[in-house]
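Notes for the one structure printed next.
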Amino acid sequence: MPVLARVSVRSVERLSPSFARIELVGDDLADFGTDGPTLDQRIKLMFPASPGVLPELSHDWYTDWLALPEEERPRMRTYTIRSIEESAPSTSSGHRIEKRLYVDFVLHPGAHGPGSDWAGVAKPGDEILVAGPKIGEEYGGTEWIPGDASRLLLVGDETAVPAVVSILESLPADATGSAFLEVPVAGDVQEVSAPAGMDVTWLPREGAPVGGPAVAAVGGLLGFEVKPDDVTSVEVVDPDLWETPVYSSSGETFAAEDGSANGAAGGGDDEDGRYAWIAGESRMVTALRRHLVNELEMPRKQVAFMGYWREGVSMKG
Ligand SMILES: Cc1cc2nc3c(=O)[nH]c(=O)nc-3n(C[C@H](O)[C@H](O)[C@H](O)COP(=O)(O)OP(=O)(O)OC[C@H]3O[C@@H](n4cnc5c(N)ncnc54)[C@H](O)[C@@H]3O)c2cc1C
């Protein structure tokens, strides 16, 4: 059973022009968390439909949420755990360990949405609901499955920066590969802790079309030809683009060596050792999918493509 927590803002740190890091606290977070590194662990955040009004939801929260009249339903969006920290236990009796959940929000004031709008004005005491993993229980919600891949490729735009940075922090010291992080402006570049064998490249967009710099950079690395309209010409975007070794939003399957529909994820030595994790705006992800799977014929079990948001579309519930 996932944790459903009512949390309040303790602090807001404006990291850069496009990012706000929000610290969330609440007693309901006591059992919240993952057993290992949080990686790209996704969570659901629910923002008040009208200022300050949040319903009581039971642990069967999704059923309760659906049952609410639409105008009262908190607005739900998907985010990533940036980190969870715990206070040191006090020696005095009766003191509970306090957990703090950190989420890095992209602010996109030009395109209004409940998530970005809430984060843009959040202040201590403001409340939201969080649904996410419980310590010690299976939850899912991560897609980073590199297996024994020896050459890693991570590509993300600003919405995937929290996931990519968390994954980089968790890698073993001998990991090798490349990470490309496309962000709106140069001021959004962050310090990253990554193994020496991982080349981390930040790609400030500075007004270029979303996804253009990332597709060009991956083309340079893998040697495919990039056309100026590679991303902007993508017309048909799978509404819920999600293609991973174990799930396909289009229903596509692929045969594993043992004949089952889905084989083990990750790139072993027999498959050139490469594993790619790609997340961000859906056109960017679709353009990269075309290059990697259709053109370079990268096996599906070695790639995870995830549309985290779509330009001009609200990612309702
Ligand atoms: C697994 C997963 C993990 C994610 N993790 C994070 C995370 O940690 N931090 C984070 O900020 N986002 C994250 N996202 C992306 C986030 O869910 C979307 O950006 C979402 O659309 C934000 O909701 P909103 O209410 O701000 O905008 P919406 O109501 O969904 O959309 C309103 C308008 O805003 C535009 N818009 C949405 N996102 C952006 C953007 N980034 N830049 C410019 N315009 C935008 C839309 O195109 C639309 O026109 C994640 C998504 C997924 C699927």
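No value in this document is a laboratory result; all are computed from the given coordinates. Bear in mind the structure is a predicted one, so any value in this text is a computation, not a measurement. All Cβ positions, even for glycine, are placed from backbone atoms using ideal geometry, and neighbour counts span all protein chains on display.
The ranking of Thr142, Thr232 from fewest to most other beta carbons within 10 Å of each one's beta carbon is Thr232, Thr142.
Counting every other Cβ atom within 10 Å of each residue's Cβ, Phe305, Phe105, Phe47, Phe224 order from fewest to most as Phe224, Phe47, Phe105, Phe305. Near the amide H of Tyr308, within less than 5 Å, lie the amide hydrogens of Gly280, Glu281, Ser282, all on another chain or at least 5 residues away, with H placed in the peptide plane.
Using the Cβ of Tyr139 as centre and a radius below 14 Å, the other residues enclosed give a net charge of -3, where K and R count +1 and D and E count -1. All Cα-Cα separations within region 95-163 were binned at 5 Å from zero, giving a P(r) of 3, 10, 15, 19, 18, 16, 11, 6, 3, 0, each value a whole percent of the pairs. Taken one residue at a time, the phi angles of region 57-64 give Karplus couplings (6.51, -1.76, 1.60, θ = phi - 60°) of 10, 7, 6, 8, 5, 5, 4, 4 Hz. Gly and Pro are set to x. When you restrict to C-alpha pairs under 8 Å that are six or more residues apart and normalise by the size of the chain, the relative contact order lands at 18 percent. The trypsin sites (Lys or Arg not before Pro) found in region 56-140 that occupy coil by DSSP, while having at most 14 further C-beta atoms within 10 Å, are Arg96. From its DSSP helices (H runs of at least four residues, each -39,500 (n - 2.57)), the chain gives a residue-normalised ellipticity at 222 nm of -4000 deg cm²/dmol.
DSSP beta bridges confined to the chain are antiparallel in about 60 percent of cases. Taking every alpha-carbon pair under 8 Å whose residues sit at least 6 apart, region 21-132 reaches a relative contact order of 38 percent. Rounded if a/c is under 1.5, else prolate if a/b beats b/c, else oblate: with a ≥ b ≥ c from the C-alpha gyration tensor eigenvalues square-rooted, which is region 151-309? It is oblate, given that a/c is not under 1.5 and a/b is not larger than b/c.
Residues Lys316, Lys301, arranged from fewest to most other Cβ atoms within 10 angstrom of their Cβ, appear as Lys316, Lys301. Give the shape of region 1-78 as rounded, prolate or oblate, defined through the alpha-carbon gyration tensor: a ≥ b ≥ c are the square roots of its eigenvalues, a/c under 1.5 means rounded, and otherwise the shape is prolate if a/b is larger than b/c and oblate if not. In terms of gyration-tensor shape, oblate. Close amide H contacts of Gly177 (hydrogens built in the peptide plane, cut-off under 5 Å, sequence separation of 5 or more or a different chain): Leu152, Met198, Asp199. Close amide H partners of Ala49, meaning residues 5 or more places away or on another chain with modelled amide H under 5 Å apart, are Arg75.
Its relative contact order, with pairs defined as Cα atoms under 8 Å and 6+ residues apart, puts region 151-309 at 24 percent. In plain terms, the chain from Phe224 to Tyr247 could stretch by 5.7 nm, reckoned as 0.36 nm per residue minus the Cα-Cα distance. What the phi angles of region 311-317 give under the Karplus curve with 6.51, -1.76 and 1.60, with θ = phi - 60°, is a coupling list of 4, x, 10, 8, 8, 4, x Hz, glycine and proline written as x. In terms of its C-alpha gyration tensor, the chain comes out prolate, because a/c is 1.5 or above and the ratio a/b outweighs b/c. For region 194-199, backbone phi angles converted through the Karplus equation (6.51, -1.76, 1.60; θ = phi - 60°) give residue-by-residue couplings of 9, x, 4, x, 9, 7 Hz, Gly and Pro being listed as x. Shown here is the pair-distance distribution of region 3-132: with all Cα-Cα distances grouped in 10 Å bins from zero up to the longest one, the shares run 12, 43, 34, 10, 1 percent. Within the shell of other residues whose beta carbon sits under 10 angstrom from the beta carbon of Gly113, the net charge comes to +2, with Lys and Arg scored +1 and Asp and Glu -1.
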